[in-house]
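A short write-up of the structure that comes next.
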């Protein structure tokens, strides 16, 4: 009986040990599998990190290249802009020289007419005073240059006196001649200064005609607007040139 009990106890202990061993093995296997999975996952993460790090390095290299290329482009752009600025300056100089030469030529031609007729300056002062009574010096200079421009073109007479007293179709070209204001004005110092400054080459423009719209006849206004090219308004007169 005792032997049987001992055997049963041993058997029970053996079974328990077996079961415990199975459990331990199962747990160990499970843990080992999880550890392997974690190791594999870590390896994958490490590999991904390496790949991403390589991409970051490549992108950084590209960014550096882009920055360097951009800086090169900036330098080239700056050089190009400087060259363009230099070209503009040279062109502007040439234009100014050409304008200056043209102005000098025109003024020289006017002076040549003055040399032929000593009364031209007095005539010029009187017509400017009559056409621009109470005007600014700049506005009076504009009247001077309209007369100068006419002297300079073939379609008008070749002297200041002839231009001022010219008739077309039996009508004087300047209203102060026809209404006699030309003969009654008192020449002011500002008019004398304006004439002298114009003769010195100041205030040139290309106008051949001018009118005061408010006081002009409607038929004249219509002709100016239809037949001529409007250039500018100086506050008293509107200036026009021939249409091209």
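Calculate, in nm to one decimal, what residue 63 and residue 133 gain on full extension: separation in residues at 0.36 nm each, minus their alpha carbon distance.
18.0 nm
Pull out the extension gain between residue 48 and residue 172, defined as 0.36 nm times the separation in residues minus the alpha carbon to alpha carbon distance; nm, one decimal.
34.8 nm
Which peptide among 222-232, 45-55 comes first, and what is the full order, when sorted by highest mean count of other Cβ atoms within 10 Å?
Taking the mean over residues of other Cβ atoms within 10 Å, the ranking is 222-232, 45-55.
Could you line up 234, 79 from fewest to most neighbouring Cβ atoms inside 10 Å?
Exposure proxy ranking, most exposed first: 79, 234.
Viscosity 0.890 mPa s, temperature 25 °C: give me the Stokes-Einstein translational D for region 136-244 in µm²/s, with Rh taken as the Kirkwood radius over C-alpha pairs.
In µm²/s, the coefficient rounds to 168.
Any chance you could run the full-extension gain for residue 119 through residue 219? It's 0.36 nm times the residue separation minus the Cα-Cα distance, nm to one decimal.
Net length gain for the segment: 32.6 nm.
Can you compute the FRET efficiency between residue 158 and residue 230 using 1/(1 + (r/R0)^6), with r the Cβ-Cβ distance and R0 = 35 Å? Round to the nearest 0.05.
0.85
The numbers here are math on the coordinates, done by the rules we state, and not lab data. Model, not experiment: these values are computed from the prediction. Counting neighbours? That spans all protein chains shown, and the Cβs are built from the backbone with ideal geometry, glycine included.
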